[in-house]
Amino acid sequence: MKLTAIDYLIIGVYFVFVLGIGFFVKRRTKSSSDFLMSGRSVPLWITALAFISANLGAQEVIGMAASGAKYGIMTSHFYWLGAIPAMLFLGVFMMPFYYGSRARSVPEYLVLRFDEKTRTFNAISFAAMTVFSSGVSLYALAILLQTVLGWSFNVSILLSAGIVMAYTFLGGLTSAVYNEVLQFFLIVMGIAPIVYIGLHQVGGWEGIVANLDAPMTHAWGYMATEASNPMGVNLWQMALGLGFVLSFGYWCTDFLVVQRAMIARNMSAACRTPVLAAFPKMFLPFIVIFPGLIALVLSKMGLGFEMPMKADGRVDYDLTLPSLLAHYYPSGILGVGLTALIASFMSGMAGNVTAFNTVWTYDIYQAHIRKDAPDSHYLAVGRATTVVGILISIATAYLARSFNNIMDLLQLVFGFVNAPLFATFMLGMFWKRATGTGAFWGLISGTTAAAITHGVTLAEGKGGWLTAQPVHEFQSTMGQAFLIAIVAWTVCFIVTVVFSFFENPKNAKDLEGLVYGFTPVDRGVVGPWYRRVVPLSIIAIVCTAALNFIFW
Amino acid sequence: MQRLSDLRFVIGAFLTILGLLLFVAHFTEGGGEAVQGVRLNWFGAWLFTLVGGAMIALSVFSKDPSNE
């Protein structure tokens, strides 16, 4: 890919704006709450777009195009099954408790509902997960810059991390959120022309259907067995693993995304944030997955495009989107497309780093190291944590090198951490009898069960580290990740319930505003139907069902 | 000055600048080869300029800055 001066100028303009936003926001960042929680004053349209954009990182933009080429339209399950229902559930059922409890973070909700040890376990595992994800983002961008611009892996990592560090250090969460919104427009508008031109060239959806095997173009039709579809998962693994455990575990309990709703101005806006975000989210597969399908068809039709290959002769799916950019885009819009990819990385990484900041400062440092310091001290800790978080991300980026598909890796990590956590939250919010000891041992057991399941099963050479002979071999790492999530959730659920019966539950008064049934649910509902959470959710679920039906 | 701090204005300005740069690319680099009858720099230039301009207009003509 050959860039000219105009391409570099476009990349430069992007960096100027990103850093400019950081400098501008810095003037208004006076307290730790401003830095770590945006002063809880961000308008709805910004929180809704940031909610999507925090999950529109390099893993999603590059990884979903890769999965689109590898697994076909089944990848859309990460949206229509694995995101929208959970986002709506968050807005309708869980956000009233997150926001109403005035917790500053998801782990802080756990200390209010359960106890300190449960919060600390979650805070530490979440912190580890965010820097891990941040490192994966960094790795993806470094590979991209290495391939496209010929930069060395090390220089790419240091330069990219430096820019993210600058604007998150200056303006904290507000800077990250404002940049996420800017990045959202850039990513969508930078990649959309590829989809438009690509679909035109391959003959639209009919052309894709005509040139690919049937399992690649059906979302649900080929899931009777693991062997009948390219993703290597069956219906119950998909429905339970992704559709229930992983998606609800991620969208309803991962502080990285929940934080975007928690910084809204009021309860109504907080509840509507994930619901409004669901509408653009349901159309994102056309931007991030279709390029993978288009690339595959182009290569089959002999239209001058070849799928990128690794040195060992296998297809390098992660380079599908960059290769498509190089194929279609002339100098000028090539700079825009490349900037969109860089933006996707920055969006993902900054989101992780800012969530890491908040959890570390409030849930680990303030809770265990220094409780009653002046606010300026926590502001300084928040800024210092930004630097530390970036440095750890750089270190973890090198770990990501040994995995061949970024999404598979993330699913694995989410299975270890998020899946059991969703069981804890379900019981915590909807069952008054759940106790702190039950939640704590449930989380420990669920996470351990996830690790053991990975250790005794094998998929594409991954896992199986506990036994010489694996108990089961999966068709794909995706199927393995889904099963791990199911096992982790189930073990956490059962252990939490059993252990809860050995401890007295909290008093009803202590559970007000934290558990269903003790206080009326307040969603801040006012005004006409289009401002209310439930009617909007019903419309979103009908639209999503229609999309599933169309691509059945 | 207050409008300049409106996020819609900032994003609109950013997109408009990118659109103008794409116009420059179209006229200086020949616009690139047409794919399916579409010159992508020309297409992108209009897309970014129109969306960016619309966001600036929204920010200028609305009563209050959206992020204040």
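Quick notes on this one:
- Any chance A:Val177 is in a helix (DSSP H, G or I) and within 21 Å of the chain's Cα centre (by Cα): yes
- Lone unmet requirement of (1) open to solvent by 30 Å² or more (accessible area, probe 1.4 Å); (2) modelled with pLDDT under 90; (3) not basic (Lys, Arg) for A:Trp441: (2)
- Checking each residue in the stretch A:14-27 for being away from every other protein chain (no Cβ under 12 Å) and among the basic types (Lys, Arg) picks out only A:Lys26.
- Residue match in the stretch A:45-56 (condition: open to solvent by less than 20 Å² (accessible area, probe 1.4 Å), in a helix (DSSP H, G or I) and more than 14 Å from chain B (Cβ to nearest Cβ)): yes
- Test: residue in the stretch A:136-144 that is more than 14 Å from chain B (Cβ to nearest Cβ), under 21 Å from A:Ile10 (Cα atoms) and surrounded by fewer than 21 Cβ atoms within 10 Å (Cβ to Cβ): no
- Unmet requirement for A:Ser152, which otherwise passes all of (1) away from every other protein chain (no Cβ under 13 Å); (2) in contact (Cβ under 8 Å) with a residue 24 or more places away in the chain; (3) surrounded by fewer than 21 Cβ atoms within 10 Å (Cβ to Cβ): (2)
- In this entry, A:Met129 is excluded by the filter for residues that are touching a Cys at 6+ places or on another chain (Cβ under 7 Å) and not β-branched (Val, Ile, Thr).
- Of the residues B:Arg8, B:Arg39, the single one that is modelled with pLDDT under 95 and either more than 9 Å from chain A (Cβ to nearest Cβ) or farther than 16 Å from A:Val336 by Cα (or both) is B:Arg8.
- Residue within the stretch A:486-501 that is loosely packed, with under 14 Cβ neighbours inside 10 Å, in a loop (DSSP other than H, G, I, E, B) and either modelled with pLDDT under 85 or not charged (D, E, K, R) (or both) present: yes
- Inter-residue pairs, beta-carbon under 9 Å, first in contact (Cβ under 8 Å) with a residue 24 or more places away in the chain and in the stretch A:360-373, second in a loop (DSSP other than H, G, I, E, B) and among the basic types (Lys, Arg), 6+ apart: A:Tyr362/A:Arg104; A:Asp363/A:Arg104
- Test: residue in the stretch A:307-314 that is open to solvent by less than 10 Å² (accessible area, probe 1.4 Å) and in contact with a helix residue (DSSP H, G or I) (Cβ under 9 Å, 6 or more places away or on another chain): no
- A:Thr75 falls short of the stated requirement of being of a type in the set (Val, Ile, Thr) and assigned to a loop (DSSP other than H, G, I, E, B).
- Pick from the stretch A:28-44, criterion more than 11 Å from chain B (Cβ to nearest Cβ) and surrounded by fewer than 16 Cβ atoms within 10 Å (Cβ to Cβ), ranking: farthest from A:Asp375 (Cα to Cα): A:Lys30
Let's see how each residue does on (1) modelled with pLDDT under 90; (2) part of a helix (DSSP H, G or I); (3) facing another protein chain (nearest Cβ under 8 Å); (4) farther than 30 Å from A:Thr47 by Cβ:
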position	(1), (2), (3), (4)
B:Thr16	no, yes, no, no
B:Val24	no, yes, yes, yes
B:Gly30	yes, no, no, yes
B:Leu50	no, yes, no, no
B:Ala54	no, yes, no, no
B:Ala57	no, yes, no, no
B:Val60	yes, yes, no, no
B:Pro65	yes, no, no, no
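- So A:Leu427, is it on the phi < 0 side of the Ramachandran plot, part of a helix (DSSP H, G or I), in contact with a Lys or Arg (Cβ under 9 Å, 6 or more places away or on another chain) and of a type in the set (A, V, I, L, M): yes
- Residue check, A:Leu242 within 29 Å of A:Ala127 (Cα to Cα), touching a His at 6+ places or on another chain (Cβ under 8 Å) and not charged (D, E, K, R): yes
- Of all residues assigned to the stretch A:181-197, none qualifies as being over 29 Å from the mean Cα position of the chain (by Cα), within 14 Å of another protein chain (Cβ to nearest Cβ) and without any contact (Cβ under 8 Å) to a residue 40 or more places away in the chain.
- Verdict on A:Ala192 being within 18 Å of A:Gly335 (Cα to Cα) and open to solvent by 10 Å² or more (accessible area, probe 1.4 Å): yes
- Residue within the stretch A:262-273 that is without any contact (Cβ under 8 Å) to a residue 40 or more places away in the chain and either more than 30 Å from A:Thr477 (Cβ to Cβ) or away from chain B (no Cβ under 14 Å) (or both) present: no
For every residue, the table says whether it meets (1) assigned to a loop (DSSP other than H, G, I, E, B); (2) touching a strand residue (DSSP E or B) at 6+ places or on another chain (Cβ under 6 Å); (3) open to solvent by 40 Å² or more (accessible area, probe 1.4 Å); (4) modelled with pLDDT under 90.
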| residue | (1), (2), (3), (4) |
| --- | --- |
| A:Ala343 | no, no, no, yes |
| A:Phe356 | no, no, no, no |
| A:Asp372 | yes, no, yes, yes |
| A:Leu379 | no, no, no, no |
| A:Ala400 | no, no, no, yes |
| A:Asp408 | no, no, no, yes |
| A:Val413 | no, no, no, yes |
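- Search result, residues across the stretch A:444-485 that are in contact (Cβ under 8 Å) with a residue 60 or more places away in the chain and surrounded by fewer than 20 Cβ atoms within 10 Å (Cβ to Cβ): A:Ile444, A:Gln475
- Pair list, Cβ under 9 Å, 6 or more apart: the stretch A:23-42 residue on the phi < 0 side of the Ramachandran plot, other residue open to solvent by 10 Å² or more (accessible area, probe 1.4 Å) and among the basic types (Lys, Arg): A:Ser33/A:Arg40; A:Ser33/A:Arg104; A:Asp34/A:Arg28; A:Phe35/A:Arg383; A:Leu36/A:Arg104; A:Met37/A:Arg104; A:Ser41/A:Arg265; A:Val42/A:Arg265
- Any hit, the stretch A:222-238, residues being under 25 Å from the mean Cα position of the chain (by Cα), part of a helix (DSSP H, G or I) and crowded, with 18+ Cβ neighbours inside 10 Å: yes
The values are calculated or read from the model by the stated rules, or taken from the named source; none is laboratory data. The shown structure was predicted, so the numbers you read here are calculated from the model rather than taken from an experiment. Methodologically, a virtual Cβ is constructed for each residue, glycine included, from the backbone with ideal geometry; neighbour enumeration extends over all protein chains shown. What goes into the accessible areas is simple: the full protein's heavy atoms, side chains included, and nothing from ligands, DNA or RNA. Shrake-Rupley method; radii C 1.70, N 1.55, O 1.52, S 1.80 Å.
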